[in-house]
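These notes are about the structure you will find just below.
What follows draws every value from the coordinates through simple rules; no lab data is involved. Predicted, not measured: the structure shown is a model, and the values here were computed from it. We place every Cβ from the backbone using ideal geometry, glycine too, and count neighbours over all the protein chains shown.
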Amino acid sequence: MELLNLQVSQKGNMAKKRERLDVIKDILRVIREHRAIKPTRLLYASNLSPQMFKEYVDELMTKDFIMINEDKKGKKTFSLKQKGHNFLDEYKMIENFISNFGL
């Protein structure tokens, strides 16, 4: 399982917080890579506290980026909806644009 990277600031040993959009991108990317991922595995991969994880997941579900699936045995998994795929594609274009200008 791939853990998300927490960027480290050069000033002292204090960790730099990820920006909100980076966290969203990371969560969506992990779901895309696994196609369907259990909530606990996604929590560990997101590197967020359970409370923050719940807030992000609730927002992403409310805004129709992800959905939760439940099989006959009650096993839950997250998967991306089209809007989540679109977000990742657009985000990648923005990252490439910024990179092309050396920023």
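Which trypsin sites (Lys or Arg not before Pro) does the stretch 54-93 hold that lie in a coil by DSSP with at most 13 other beta carbons within 10 Å?
Sparse-neighbourhood loop trypsin sites (Lys or Arg not before Pro): LYS63, LYS72, LYS73, LYS75.
Run the numbers on the stretch 20-100 and let me know its relative contact order in percent, using alpha-carbon pairs under 8 Å that are six or more apart.
Result for the stretch 20-100 is 32 percent.
List the extent of the Cα atoms of the stretch 20-100 along each of their three principal axes, largest first, rounded to whole Å.
Here the Cα extents, ordered largest to smallest, are 48, 25, 21 Å.
Can you put LEU88, LEU80 in order, fewest other beta carbons within 10 Å first?
LEU88, LEU80
Could you check the simple spin-label distance between ASN86 and LYS63, using points 7 Å along Cα→Cβ, in nm with one decimal?
In this crude spin-label approximation the distance works out to 1.3 nm.
Between LYS76 and MET52, what's the calculated FRET efficiency when r is the beta-carbon distance and R0 is 30 Å? Round to 0.05.
0.95
Could you tell me the center-to-center distance, by alpha carbons, between the stretch 84-100 and the stretch 17-60 in angstrom?
The two parts, judged by their Cα centres, are 18 Å apart.
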